[in-house]
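This report concerns only the one structure given below.
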Amino acid sequence: MEAQRVATLERVVLRCRDLPLLPRFDFNGDYVARLVSGDPETERHFARYFGDLLSLKLRSRLRSAALVEDAKQETFTRVLTSLKRKGGLAVPETLGAFVNSVCKTSCWRCTDPARVRRRSRTATMGRTSGRRARNR
């Protein structure tokens, strides 16, 4: 058991070494306002800054690359949607913590057994109805 734990930690450390080091960024109200307004440069920075961090976190919790990508995209979508709502983020300096908490929720949504069953049933129904349409 201990050897398995060490091997897992070594893989995580190797993944961390592969990530480019980005300087820590202090988020503020101006940054969040630019992000909400759709400023392309700010959106690129946001995606670059959080993209690798989210991938690393999600890869340690989800089994497939497709689920990792789905959860990452859901996280970005939910964060931007929340920021654009009236009231948005009360304290802009907490953007990093907010993204992290949304990521945890997205990860849970991808692994919740009831949601997974619904998603697989929907996918199966879609494939079945596609076959029926072609057979007609």
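Side notes on the structure shown:
- Restricting 58, 80 to those that are within 24 Å of residue 23 (Cβ to Cβ), at pLDDT 90 or above and buried (at least 17 other Cβ atoms within 10 Å of the Cβ) reduces the list to 58.
- Pair list, Cβ under 7 Å, 6 or more apart: the range 46-58 residue within 19 Å of residue 92 (Cα to Cα), other residue surrounded by fewer than 17 Cβ atoms within 10 Å (Cβ to Cβ): 49/22; 49/25
Residue by residue, here is whether (1) modelled with pLDDT under 90; (2) within 10 Å of the chain's Cα centre (by Cα); (3) among the aliphatic types (A, V, I, L, M); (4) at positive phi holds:
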| site | (1), (2), (3), (4) |
| --- | --- |
| 31 | no, no, no, no |
| 41 | no, no, no, no |
| 72 | no, yes, no, no |
| 97 | no, no, yes, no |
| 104 | no, yes, no, no |
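- Taking the listed residues 89, 80, 95, the one that is without any contact (Cβ under 8 Å) to a residue 60 or more places away in the chain and under 19 Å from residue 107 (Cα atoms) is 80, with no other qualifying.
The values are calculated or read from the model by the stated rules, or taken from the named source; none is laboratory data. Keep in mind that what you see is a predicted model, and the values were worked out from it rather than measured. Positions of Cβ are backbone-derived with ideal geometry, glycine not excepted, and every protein chain shown enters the neighbour counts.
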